[in-house]
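Peer 1: Encoded as structure tokens, here's the structure I'll be asking about.
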Amino acid sequence: MRKIVIALDGYSGTGKSSTAKEVAKALGYIYIDSGAMYRATTYYFLENQVDLADAKSVENALSNISISFSGNQVILNGDDISNDVRTMRINENVSAVSAIKEVRVAMVAQQQQIGQERGIVMDGRDIGTVVFPDAELKVFMTANPDVRAERRQKELAEKGIHEELNTIKVNLLDRDKIDSSRAESPLKKAEDAVEVDTSYLTFNEQVDKIVELAKGIIHAG
Ligand code: DC
């Protein structure tokens, strides 16, 4: 059967990652969380006190970073850092790191390499616009900021992290602003993307909707 690439982009906290994971499972596809790659890079930069304003240090650091996935685990240079990349410390720094041109060039190259095989679902901010402009299915996910903040709070609480709703909302809106206004591949809806507002959809409804869209394309081709 024909294998396609599904690009799932959208604002922070719209449920992209969990949705993409389930869509991949339903289709027997590989799921790649591109945000986790930017988070892993941010983690490395913070741990190694890389000066973001110094291009040489950034390039040197990037040459020392190897990111891979093992099931749901994010592996940085051989270490499982899955929990370390979901903290507020990373949330507060990841947009600045992912706005750096050299960082984006390195991440996009790795993502395109992974996608060569097709049969993947990748979620992020620039997947339909920059990484896979030829993706057969592009989805742009939105949801209102209060719903998104509540979802993030729940996600953090499940990891034992308790954070004020307003702190989370401010962080989400800040990231939206930085992600949408940066010079390098800003977050924007691809012209041929289908917009899905998840504010009032249950998780299963949003997964089903995207799986149906994908099946329509797979069976048509
Ligand atoms: O999807 P997420 O919240 O885990 O992403 C974390 C950050 O990484 C997000 O604020 C912006 C950045 N990002 C990006 O610039 N491009 C992507 N393709 C994915 C994420």
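Peer 1: Rounded to whole Å, give me the distance from the Cα center of the range 1-24 to that of the range 57-122.
Peer 2: Answer, in whole Å: 17.
Peer 1: Now for a different question. Do any of Lys3/Lys177; Lys189/Lys209; Lys25/Lys169 go past 23 Å between their Cα atoms, and which?
Peer 2: Pairs exceeding 23 Å: Lys3/Lys177; Lys25/Lys169.
Peer 1: Neighbouring Cβ atoms within 10 Å as the yardstick, rank Met1, Met107, Met88 fewest first.
Peer 2: Listing Met1, Met107, Met88 from fewest to most nearby Cβ atoms yields Met1, Met88, Met107.
Peer 1: Which net charge results when you count Lys and Arg as +1 and Asp and Glu as -1 among the other residues whose beta-carbon is under 13 Å from that of Pro145?
Peer 2: Once all neighbours under 13 Å are counted, the net charge is +1.
Peer 1: Can you show me the helix-derived [θ] at 222 nm for the chain, built from DSSP H runs with n ≥ 4 at -39,500 (n - 2.57) apiece and divided by the number of residues, rounded to the nearest 500.
Peer 2: After summing the helix terms and dividing by the residues of the chain, the value is -16000 deg cm²/dmol.
Peer 1: Got a sec? How would Arg125, Arg2 order by Cβ neighbour count within 10 Å, fewest to most?
Peer 2: Arg2, Arg125
Peer 1: Please compute the Kirkwood hydrodynamic radius over the chain, one decimal place, Å, based on all pairs of different Cα atoms.
Peer 2: So the Kirkwood estimate lands at 17.7 Å.
Peer 1: Given the options Gly160, Gly119, Gly35, state which has the largest fluctuation in a GNM of the chain using a 10 Å cut-off (strictly under) for Cα springs.
Peer 2: Judging by the Gaussian network model, the answer is Gly160.
Peer 1: Restricting to the chain, what percent of DSSP beta bridges are antiparallel, rounded to 5?
Peer 2: 25
Every read-out reported here was derived from the displayed coordinates using simple, explicitly stated rules and does not represent laboratory data. Keep in mind that this is a model prediction, so the values were computed, not measured. All Cβ positions, glycine included, derive from the backbone under ideal geometry; neighbour counts span all protein chains shown.
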